[in-house]
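Worksheet for the structure shown next.
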Amino acid sequence: NKFPYNTGHIMVVPFAHKGELSDLSDEEILEMWRMVADMQSVLDRTMRPHGYNLGINLGRMAGAGVPGHVHIHIVPRWNGDTNYMPVIGGTKVMPIALGDLYKQLRRSMSSGKKHR
């Protein structure tokens, strides 16, 4: 995600441009959720978060950044990751540059057993 909510925020997006869950085939839905599980494993190995938020925003009013294209957000969370910076300062502190984290995640994907 180019504009992550949190460090390690990943979006799982199908190749097909479909706007509703009901538009996806059973195979596409299964593939997306398998990828979510695989990416959670990669994040576990790489970043060791304490938990996750998983979300699907459908439609612009629901916060979909890419309206008309179903996607699943995987947001790793840590104890204490919400602090005064976003609340008072209106900004988020990311402890690692996106490019560096991308390289770490790619290495972890390559070494993982479950990656498809």
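Quick rundown of the values:
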quantity	calculated
Close pairs from segment 21-40: first farther than 18 Å from His69 by Cβ, partner of a type in the set (Phe, Trp, Tyr) and surrounded by 13 or more Cβ atoms within 10 Å (Cβ to Cβ), Cβ under 7 Å, at least 6 apart	Gln40/Tyr52
Number of positions in segment 41-66 that are polar (S, T, N, Q), touching a residue at least 60 places away in the same chain (Cβ under 8 Å) and either open to solvent by 40 Å² or more (accessible area, probe 1.4 Å) or touching a Lys or Arg at 6+ places or on another chain (Cβ under 6 Å) (or both)	1
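The values are calculated or read from the model by the stated rules, or taken from the named source; none is laboratory data. All values derive from a computational prediction rather than experimental measurement. We place every Cβ from the backbone using ideal geometry, glycine too, and count neighbours over all the protein chains shown. Only protein heavy atoms, including side chains, enter the accessible area calculation; ligands, DNA and RNA are left aside. Shrake-Rupley method; radii C 1.70, N 1.55, O 1.52, S 1.80 Å.
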